[in-house]
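Beneath this line is the structure, given in structure tokens, with notes to follow.
The values are calculated or read from the model by the stated rules, or taken from the named source; none is laboratory data. Worth saying up front: this structure is predicted, and the values here are computed from it rather than measured. Methodologically, a virtual Cβ is constructed for each residue, glycine included, from the backbone with ideal geometry; neighbour enumeration extends over all protein chains shown. The protein model used for the area step is the full one, side chains on, heavy atoms only, and it has no ligands, DNA or RNA in it. Shrake-Rupley method; radii C 1.70, N 1.55, O 1.52, S 1.80 Å.
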Amino acid sequence: MSLPAAAVPSGAAATAPARGRVLPSAMPYLQALPLWLVMGVFLLIPIATIVMVSFWEDQETGLAPTFILDNYRDVFATQVTFTTYLSTLRYAAIVWVSTLAIGFTVAYVLAFHIRSTLWQMVLFQVCAVPFLTSNVIRMISWIPFLGRNGLLNSTLIGLHITDHPLEFLLFSPFAVVLTFVHLYALFMVVPIFNTMMRIDRSLIEAALDAGARPIEVLRHVIIPLSLPGIAIGTIFVVTLVMGDFVTVQMMSGGQSASVGLLIKNEISLLQYPEAAAHAVILLLTVLMMVWAILRVVDIRKEL
Amino acid sequence: MEKSGPRHWLLLILFALFVIFLYGPTLTIFILSFQGPDGGLTFPMRGVSIYWFQNLFEPQMVGDFGGSLERSLSLALIAPSLVGVALFGFSLSYDEFSRTIMAAGSDNTLPLEVFAMTTNVTTPVLYALGSMTTLFSFAVVITVTLTVLAMRRKRGAKLAG
Amino acid sequence: MAEAGVELVAVTKRYGAVTAVDAIDLRIPSGSYCCLIGPSGCGKTSTLRMIAGHEAATGGDVLIGGRNVTLLPPAQRGTAMMFQSYALFPHLTCLDNVAFSLRMRGVARTERRRKAAEMLERVHLGEMAERRPAQLSGGQQQRVALARALITNPSVLLLDEPLSALDPFLRGKMREELKRLQRDLGITFIHVTHSQDEALALSDLVVVMERGKILQSDAPRAVFEKPRTPFVARFLGGHNILECRPGTGGLALSDGCAIRLDESFTVSSDVVRLAVRTDRMRLLANDQAMNRLAGEVTAVEYHGPFVRVGLQDKAGSDHSLLLSEADFYARPVALGERVFAGFQPADVHVLAN
Amino acid sequence: MTIETGVTRRGLLKTAAAVGGAAIGSGAITGFPTIWAQNIKNVTLRQFGTGVSDVNAIAVKCKEDLGFTLNLTALDSDAVTQRAITQPNSYDIADIEYWICKKVFPRSVLQPMDTTKLKYFDKLVPLFITGKLTPESVIAQGTAPHTVGFVEGKESTKFSKTPTEWLTMVPTIYNADTLGIRPDLVGRPITQWKDLADPAFKGKASILNIPSIGIMDAAMVCESLGIIKYADKGNMTKAEIDTTIKTMIDLKKQGQFRAFWKTFDESVNLMVSGEVIIQSMCSPAIAAVRSKGVPCVYQPLKEGYRSWGGGLGLAKHLKGIELEAAYEYINWYMSGWVGAYLNRQGYYSAVLETAKAHMEPYEWAFWMEGKPAEKDIMSPEGKLMEKAGAVRDGGSFYERMGHVACWNAVMDEDKYMIQKWNEFIAA
């Protein structure tokens, strides 16, 4: 997310020398100053605080500002850290694959199989409207749908597809993934749709002209050119899932762990330094994932 | 791209399935919000009425939504819709409730209000709120679309004339 | 490489209620350079795209080399298209762009890269092979696009306004290159343009279109010398159009001046329109009774080898005279001067209505 | 109503410190009673807490009776803890549970309350003063409210083992939790905590997923199963925690649990929807299930109840007129109307006498004395809760609160406990 910041100084640098003011070399930095201030106050300082607290000591009467590594040692000393990370990463992976498949298909249909721009707009809005409803409400609305006596089970039993309610539908990893996909699919659709709309239509004709079958057009033209959108969507979805604790807790019926939940449980008993240590590790993990994504795909064009 | 043939229709069907997937749960809560005064958060339905919608707009009933609707909801909902963007921001701001809990000052925000509801409201008033939000969003989208259409037609007429 | 002519039989394209191409018939001989020309929206691009297969014909047939290809996908028509925007794949290197169609055809990697490199050499871009399109100049991009189109040895190359994005100097150079290439390859080129110069300079066959119809298709010289309609004459330029009425003993301009011509014609309506090339008119020292145009000088433009004199007649129509530099300065005229311009009966061409 | 009443002497606790406090209190008031009464109407008190007692009706009634505005925020118990500690300036009154108080008070965000200014201090249920409901009672395990109810002095954050004149929180609401069951679906009598682990209820059981409370439920189950005997369930050793969690992990792996609940509403919905037929529950949640027409029983168990209590604490920053308003509010809170309101919801109020005065005799008999209802029992919102003739599960107040086995607690090893609890959830 630091990319916009990087973009501003370089943009400013291009215009500043032309002006030829007194301090031409300082101008770009001056122009970028407000942004850096905002970033500093709302991003860097809080994170620095978390990092700092992660080295503090927890005491009855409050936090003792020392420098100890115990919190980190505690994090790595237990098996639960690894199982939890594994479980969270698995959720992230499954949700990523699902939202990518759905998001790409939906964006593809919208961008290439809807004739008029008006219909494109209307259908896009149709996809977007549910996302204006509270995430919490959308999340819990799955519960009456999937429950033992829920809409889906009643329907399945009514249709004699099954004779007893399917229990795995709710309070299960399935429910968690389903809800995640429901909550975050649009975060994949929007950036991919965006990049797809920017693909020059004559590129597709050029590919067809060269003898590409539709599937090859997809593989050799549309997918490579949609990569920046896919990367942005991936960053959205992966970071959202990695940081989540509400969805996992609600939809698994509290029976599944996530790193966020781990941290939250620690916070709930005021174990701030341990929670901070966990948060730092989670932050590093997510940053590494984002860095890896950016290594693979250049998204600057999109920003 | 070819816009006919089986592949085209298959893709359109997939798209339709996605839309159904998006709206399925919304439909569930929409149905459940029409329960009678004894209604709960789950099936089976207990009676049919618009009790919970009335409840939503009456102050002094469970959880004062009259007030919060006026304050936070109208601001949070209408302002971004008028601006027309903020889809991400807004959707995310709901998710912020967890962070709001940790950081909010003494004023109640809508996310907090909603969260409070999930904590101690066992009635479909929550669903009524969700249904209203969706309907409201729809109204905004339709209005915007029609406006754009009208403007386009006007401009078209001007060009033709 | 199979030599192939292109034939259109009653080809029609409709978009909803709008008819873009209206039942046109056209025969383009194998190995010829054909230019489709006309104002924007005349249907020339739609026609090209129907030949390429990127647009399905609403009616009629497209034949290439005697084979009906109307229902075939682009790649099976033996055509290759060069797009106006070049449509180079931005994520591929020049070499991979050129090798793309070979790759789609399943040609092995080393083989296709070798062929693509050869083709790039041919358009003098061998050293740019590993660059991305965005790193090339407009002219270089165009040559990559050309190489990409040619690598499959198409029998027909379709070019959609290929020179429009270039600056005038480059345009001239590219024009020569296209023509030389076409001669060397001996294949059919179909080139859409809105520039008369380009069409006249390049083609063996000029097809003038308007409102979805072909107004005239002919060799460039024939089209220029004998435009069929006032529209063609005006569109190609270089013609003054005179409106006459049949009078006693022949035709007369509205000011009564009689017109004599060598061509035979039949009067089909009240108004007969004549075309006289701007470079075939001369300024007269005095008025004369026949084959002259009277008007006021509205423009004098020095162009180097020639001078253009603009005239406006009494009816308000504008005309031009192209005079050689020597002729003009032998007897210069000034703005606002009333002058007479004369022409020979042999230079008068009767237009159809 | 003004606060002169705060000057009344009490017989029970007379220490030197009280004199100073009372002097400040009375000195501030007596001079300008009229202006005072005027100004106090402009005060807005910000209270936050768990949803159970932060009900809007209380704010409305408060405005009516006292004239000043009460701004309520309802959160879950985790969020309550966070807010209490990290944003002490965002509230004036904290409505928190005693086990949370144990974590919060030492961090100097609340100020002790002067008992001499509390009009009904004498009338508080002795459970909150001595830890015994009746003189014969045994003090329950866990963080019993009286152990964190008093501090040593006005500026102290150190809990006092014996009552002093400085109260950490005024107790307001409490109850005893047990297993709630769906009698129509369990199909047999439930008598002990270990029934939660009965394979017959596989995939249909649930416990609470707030670690420090859930571990107590788990402990009740383990002890009932005969796996372990705790010295103090509210303060386990690492080994005890290990055994408890291991038992729970085994149960989870066998598929015993359908879900774990975290909020009042979740526990109600799990029961109403039939997802769960046996789980640890609080009394009003059971009432809420029943009010939806679903049979649900608050099941008294052989081993006793797990109890909890909450109270109101004053933010450290309160002073002057706002502090006085807060005292006035707390005195009003204990004066009966709220107590009756809470009692009618199935909770217990901490000042029984005043609550009784605000309830009809038949209501009192039903809710507090365990007698059959003479008339239909209505909720404060006017909804039918029980039909005439019904008897409250668990019997009278004394039967319930007299059988408390343990209180919700914070352990010395809570860091380790959380770690193990996370292990349980991740298993």
Residue match in the range D:101-118 (condition: touching a residue at least 24 places away in the same chain (Cβ under 8 Å), under 26 Å from D:THR44 (Cβ atoms) and open to solvent by 40 Å² or more (accessible area, probe 1.4 Å)): yes
Spans of helices (runs of 4 or more DSSP H) in the range A:96-184 with at least 1 residues farther than 30 Å from A:ARG198 by Cβ and at pLDDT below 90: A:135-140, A:142-146, A:151-158
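Here's a check for you: in the range C:18-64, which residue that is hydroxyl-bearing (Ser, Thr, Tyr), open to solvent by 30 Å² or more (accessible area, probe 1.4 Å) and farther than 14 Å from C:LEU159 by Cβ is nearest to the other protein chains (Cβ to nearest Cβ)? Quick ask: steps written out before the conclusion?
Of the residues in the range C:18-64, the ones hydroxyl-bearing (Ser, Thr, Tyr) are C:19, C:30, C:32-33, C:40, C:45-47, C:58.
From what's left, open to solvent by 30 Å² or more (accessible area, probe 1.4 Å): C:19, C:30, C:40, C:45, C:58.
Now narrow it down to the ones that are farther than 14 Å from C:LEU159 by Cβ: C:19, C:30, C:40, C:58.
Numbers: C:THR19: 18, C:SER30: 21, C:SER40: 15, C:THR58: 14 Å.
Checking each candidate, the answer is C:THR58.
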Wholly enclosed helices (runs of 4 or more DSSP H) of the range D:358-427 bearing at least 1 residues within 14 Å of another protein chain (Cβ to nearest Cβ) and touching a residue at least 60 places away in the same chain (Cβ under 8 Å): D:414-426
Residue satisfying all of: in the range D:167-194; assigned to a loop (DSSP other than H, G, I, E, B) and polar (S, T, N, Q); surrounded by the most Cβ atoms within 10 Å (Cβ to Cβ) among these: D:THR168
Residue list for the range A:109-130, filter: over 22 Å from B:LEU41 (Cβ atoms), open to solvent by less than 20 Å² (accessible area, probe 1.4 Å), at the interface with chain B (Cβ under 7 Å from one of its Cβ atoms) and of a type outside the set (Gly, Ala, Ser): A:VAL109, A:PHE112, A:HIS113, A:CYS127, A:VAL129
Scan of the range D:342-357 for residues that are open to solvent by 40 Å² or more (accessible area, probe 1.4 Å) and outside any helix (DSSP H, G or I), ordered by number: none
Any hit, the range D:2-16, residues being under 30 Å from D:GLN345 (Cβ atoms), modelled with pLDDT of 50 or more, open to solvent by less than 40 Å² (accessible area, probe 1.4 Å) and of a type in the set (Val, Ile, Thr): no
In the range C:98-116, the residues that are surrounded by 21 or more Cβ atoms within 10 Å (Cβ to Cβ) and either within 9 Å of chain A (Cβ to nearest Cβ) or more than 33 Å from the chain's Cα centre (by Cα) (or both): C:PHE100, C:SER101, C:LEU102, C:MET104, C:ARG112
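So that you can scan it fast, the table gives a plain yes or no per residue for (1) away from chain D (no Cβ under 13 Å); (2) farther than 30 Å from A:GLY211 by Cβ; (3) basic (Lys, Arg); (4) without any contact (Cβ under 8 Å) to a residue 12 or more places away in the chain:
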{"site": "B:GLY5", "(1), (2), (3), (4)": "yes, no, no, yes"}
{"site": "B:PHE15", "(1), (2), (3), (4)": "yes, no, no, yes"}
{"site": "B:PHE21", "(1), (2), (3), (4)": "yes, yes, no, yes"}
{"site": "B:PRO25", "(1), (2), (3), (4)": "yes, yes, no, yes"}
{"site": "B:SER33", "(1), (2), (3), (4)": "yes, yes, no, no"}
{"site": "B:ASP38", "(1), (2), (3), (4)": "no, yes, no, yes"}
{"site": "B:LEU41", "(1), (2), (3), (4)": "no, yes, no, no"}
Total residues in the range D:247-282, condition over 18 Å from B:GLY40 (Cα atoms) and outside any loop (DSSP other than H, G, I, E, B): 11
Unmet criterion (only one of (1) touching a residue at least 24 places away in the same chain (Cβ under 8 Å); (2) farther than 30 Å from B:VAL140 by Cα; (3) more than 10 Å from every other protein chain (Cβ to nearest Cβ); (4) surrounded by fewer than 18 Cβ atoms within 10 Å (Cβ to Cβ)) for A:THR83: (3)
In the range D:66-87, residue least open to solvent (accessible area, probe 1.4 Å) [restricted to those that are among the hydroxyl-bearing types (Ser, Thr, Tyr) and more than 14 Å from chain A (Cβ to nearest Cβ)]: D:THR73
Qualifying residue in the range D:139-154 (condition: within 14 Å of another protein chain (Cβ to nearest Cβ) and more than 23 Å from the chain's Cα centre (by Cα)): no
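Checking the condition open to solvent by less than 10 Å² (accessible area, probe 1.4 Å), among the small types (Gly, Ala, Ser) and closer than 29 Å to D:GLN141 by Cα, which residue from D:GLY313, D:GLY370, D:GLY336 passes?
On the way: D:GLY370 fails: open to solvent by less than 10 Å² (accessible area, probe 1.4 Å); D:GLY336 fails: closer than 29 Å to D:GLN141 by Cα.
When all the criteria are applied, what remains is D:GLY313.
Quick grid of which residues meet (1) more than 14 Å from chain D (Cβ to nearest Cβ); (2) among the acidic types (Asp, Glu); (3) open to solvent by 30 Å² or more (accessible area, probe 1.4 Å); (4) under 30 Å from the mean Cα position of the chain (by Cα):
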position	(1), (2), (3), (4)
A:ASN149	no, no, yes, no
A:LEU152	no, no, yes, yes
A:HIS160	yes, no, yes, no
A:PRO173	no, no, yes, yes
A:LEU178	yes, no, yes, yes
The range C:175-209: number of residues that are open to solvent by 10 Å² or more (accessible area, probe 1.4 Å) and of a type in the set (A, V, I, L, M, F, W, C): 5
Residue in the range C:135-149 that is outside any helix (DSSP H, G or I), of a type in the set (A, V, I, L, M, F, W, C) and crowded, with 24+ Cβ neighbours inside 10 Å present: no
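Residues that are open to solvent by less than 10 Å² (accessible area, probe 1.4 Å) and either without any contact (Cβ under 8 Å) to a residue 60 or more places away in the chain or aliphatic (A, V, I, L, M) (or both): list the helices (runs of 4 or more DSSP H) wholly contained in the range A:197-294 that include at least 2 such residues. Reasoning before the result, please.
Values: elements: A:201-209, A:214-217, A:223-243, A:246-251, A:259-268.
In the range A:197-294, the matching helices (runs of 4 or more DSSP H) lie at A:201-209, A:223-243, A:246-251, A:259-268.
Residues D:VAL294, D:VAL276, D:VAL268, D:VAL221: which one is of a type in the set (A, V, I, L, M, F, W, C) and more than 14 Å from chain A (Cβ to nearest Cβ)?
On the way: D:VAL294 fails: more than 14 Å from chain A (Cβ to nearest Cβ); D:VAL276 fails: more than 14 Å from chain A (Cβ to nearest Cβ); D:VAL268 fails: more than 14 Å from chain A (Cβ to nearest Cβ).
Among D:VAL294, D:VAL276, D:VAL268, D:VAL221, only D:VAL221 is of a type in the set (A, V, I, L, M, F, W, C) and more than 14 Å from chain A (Cβ to nearest Cβ).
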Candidates A:TRP96, A:TRP36 - the one that is touching a residue at least 12 places away in the same chain (Cβ under 8 Å), more than 10 Å from every other protein chain (Cβ to nearest Cβ), open to solvent by 60 Å² or more (accessible area, probe 1.4 Å) and within 20 Å of the chain's Cα centre (by Cα): A:TRP96
Pair list, Cβ < 6 Å and 6+ apart or interchain, from the range D:290-319 residues that are farther than 30 Å from D:LYS154 by Cα and without any contact (Cβ under 8 Å) to a residue 40 or more places away in the chain to residues that are surrounded by fewer than 23 Cβ atoms within 10 Å (Cβ to Cβ) and not hydroxyl-bearing (Ser, Thr, Tyr): D:LYS292/B:ASP38
Of the criteria (1) open to solvent by less than 30 Å² (accessible area, probe 1.4 Å); (2) more than 11 Å from the chain's Cα centre (by Cα); (3) β-branched (Val, Ile, Thr), which one C:VAL223 fails: (2)
Hey, C:ALA129 more than 14 Å from every other protein chain (Cβ to nearest Cβ) and either hydroxyl-bearing (Ser, Thr, Tyr) or surrounded by 18 or more Cβ atoms within 10 Å (Cβ to Cβ) (or both) or not: yes
Qualifying residues in the range D:195-217 (those that are assigned to a loop (DSSP other than H, G, I, E, B) and of a type outside the set (Val, Ile, Thr)) - the one nearest to D:ALA405 (Cα to Cα): D:ASN209
